[in-house]
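Report on the following structure.
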Amino acid sequence: MRKLTGFGIALIAIIVLVRILEAGSEPTRAKKGMVISSSGIGSEIGAQVLKDGGNAIDAAVATAFVLAVTHPGAGNIGGGGFLLYRLATGDAVAYDFREKAPAGSSPTMFLKNGQYDFDAHHNSYLSVGVPGTTAGLYLAWKDHGKLSWKRLVEPAVKLARDGFPVSIGLAGSLSGILDDMKPYPASMAQFSKNGIPYEPGDILRQRDLGRTLQRIADQGPAGFYDGETALLIEKEMKEHKGLITREDLKAYQPKKRTPLRGTYRGYEVIAMPPPSSGGVALLEMLNILEGYDLTGNGHASARSVHWIVEAMRRAFADRAQYLGDSDFNPQVPIERLISKPYAADLRRTINENRASKSGPTQFSWPVESNETTHISVVDGERNAVALTYTLEYLYGSRIVVPGAGFLLNNEMGDFNAGPGLTTSDGLIGTPPNLAQPGKRMLSSMTPTILEKNGSVFMVTGSPGGRTIINTVLLTILNVVDFGMNAQDAVDAGRFHHQWLPDRITHERFALSPDTLALLRTKGHELVQSGNQGAAEVIIRDPASGILEGGVDRRQPDAGAGVQ
Ligand code: DON
């Protein structure tokens with residue numbers, strides 16, 4: 001054996017020291033490819049696609065269809081979302097398959113006798129937008145996929161038809177939602193045993209869903225937007241005064257959009273444009289925060305949290321004022337909102353020692369719930385996908401289409417309540433995001449990819465309604481400013497400010513008691529929250545090229561698949 005030189009020993013000592021200094025939770029590691037999602041089964045099936053020669057798009061498509069079966073609270077074919085794709089060449093494209101308002105919609109559709117009707121907005125057949133998932137996944141696959149479409153949908157068909165063992169997490173989630181499903185017999189039939197909750201270990205078979213997925217596997221989008229599936233959707237809508245017609249379904253088109261690009265401390269940030277508010281708000285916050293020494297002031301210190309919160313407050317105020325579907329709001333000043341000079345102007349309004357006051361109070365927030373789901377993929381060639389999609393609420397509208405076996409979204413609730421309907425207790429009536437035929441409702445979903453020196457560096461995204469944007473921000477700060485590995489960046493406690501209500505919500509162990517006290521002396525109100533989001537993160541170590549995954553255990557069934 002060769003003898004170690006003094007230099008060799010010194011080098012090993014330095015590596016060991018760095019490891020000790022950087023110690024944290026061990027992330028999942030992979031040399032070639034990785035898939036992370038809220039469903040371990042989904043991630044493994046995605047990784048198998050990579051092993052079979054598929055690329056990141058193929059794996060994301062297969063995983064997304066599997067989640068429609070194994071993670072029914074948010075995985076879907078009856079909802080919509082965004083897929084951000086960065087090719088190894090450096091090109092990037094955003095696939096927008098957000099739901100659209102049906103032709104029969106109007107800005108006043110959620111008012112009854114001039115009064116706001118919450119249930120119509122969030123819990124009714126009127127709350128269902130025209131689904132986009134199948135069309136969006138197909139378009140991304142058609143542009144970039146390598147394996148056959150059928151090969152990618154087939155694993156989901158099989159899981160729906162033959163069933164899979166219910167996990168402890170899924171059993172708990174299903175038993176919690178059954179009461180809400182009682183008005184919908186097809187939902188009860190699919191997600192309970194004649195009204196009795198599934199137990200862990202029971203096999204959940206979803207045969208109608210299996211047949212619908214088979215039609216999608218065989219016919220592509222026509223298996224959803226035409227023929228039997230479209231007829232079943234229209235029938236259910238007609239019977240319950242819903243708006244969606246077969247014409248709405250036929251007319252649905254996903255859109256390819258140009259991603260937003262910004263920079264943060266030498267990293268290029270690729271982000272989702274409207275109708276997501278996420279990319280604009282994220283870049284605005286990163287630009288503001290670039291002017292502060294977060295690293296030197298430390299993770300979760302009162303000074304760092306103060307700056308981060310003040311950035312959040314300002315980005316969310318702009319979100320309310322300016323953002324909606326850009327196809328309907330061409331005047332939105334996106335370039336200005338994500339520019340460095342604008343951030344510098346905003347930074348000047350931040351007082352080092354005092355919390356700003358959120359005001360005026362004319363903007364507040366529509367109700368959003370806490371369920372959506374995110375998939376991160378990097379393949380052997382270093383193509384990367386960040387895919388976030390949703391039914392809006394957990395299990396969406398809770399309505400399963402009889403005979404078709406899938407849940408419908410309640411995404412129309414993401415439109416503003418009605419013209420001028422802005423109240424201090426949470427409604428917003430500003431024009432950019434009012435319902436109109438064919439319009440997409442504003443979203444907070446923030447699939448994001450960072451690159452460094454021309455190669456992918458980080459893929460991130462999360463569920464969590466408006467908290468999504470801040471969760472994604474924190475994962476980026478945790479890695480770039482605080483030097484965390486992917487797992488630590490995901491595990492670290494989270495906090496959130498959304499301008500109004502004017503308070504910081506924080507996870508239980510996110511901030512120490514003395515940090516909380518210091519923030520209070522600066523004038524911040526603080527409230528403990530439950531879990532914030534579920535970020536699924538992949539980092540490519542620039543030195544070794546190895547992939548590092550952070551699986552968010554806030555979702556009990558989350559997992560990684562590796563190649
Ligand atoms: O698109 C949106 O912003 C919301 N419909 C997402 C809802 C959500 O994230 C709920 N939960 N995690």
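Scanning residues 5 or more positions from residue 504 or on other chains, those with amide H under 5 Å from its amide H are 525, 526, 527, with H placed 1.01 Å from N in the peptide plane. Of the residues 273, 38, 539, the one whose Cα sits farthest towards the positive end of the charge dipole of the chain is 539 (charges of +1 on Lys and Arg Cβ, -1 on Asp and Glu Cβ, taken about the Cα centre). In this label model, residue 219 and residue 103 are separated by 2.0 nm, measuring between points 7 Å along each Cα→Cβ vector. These residues, 371, 99, go from largest to smallest accessible area, 1.4 Å probe, as 371, 99.
Cross-link partners for residue 522 among the lysines, with Cα-Cα distance under 17 Å and sequence neighbours closer than 8 places in the same chain left out: 357. Rolling a 1.4 Å probe over the heavy atoms of the protein chains gives the chain an accessible area of 37 Å² per residue.
The lysines within cross-link reach of residue 250, meaning a Cα-to-Cα straight distance under 26 Å and a gap of 8 or more places when in the same chain, are 100, 142, 150, 235, 238, 241, 439.
3J(HN,Hα) along region 150-158, derived from phi through the Karplus expression 6.51 cos²θ - 1.76 cosθ + 1.60 where θ = phi - 60°, amounts to 4, 4, 7, 8, 3, x, 5, 4, 5 Hz, with x in place of Gly and Pro.
At 0.36 nm per residue, minus the direct Cα-Cα distance, what do residue 520 and residue 339 gain on full extension? Give it in nm, one decimal, please. If you can, show how the numbers build up before the last one.
Details: separation 181, 0.36 × 181 = 65.16 nm, distance 3.12 nm.
Net length gain for the segment: 62.0 nm.
Element breakdown for the chain at a 1.4 angstrom probe: carbon and sulfur atoms account for 54% of the accessible area.
The values are calculated or read from the model by the stated rules, or taken from the named source; none is laboratory data. The model shown is predicted, which means the values in this text are computed figures rather than measured ones. Heads up, the Cβs are rebuilt from the backbone with ideal geometry, glycines too, and the neighbour counts pull from every protein chain shown. Protein only, heavy atoms only, side chains kept; ligands, DNA and RNA dropped before computing areas. Shrake-Rupley method; radii C 1.70, N 1.55, O 1.52, S 1.80 Å.
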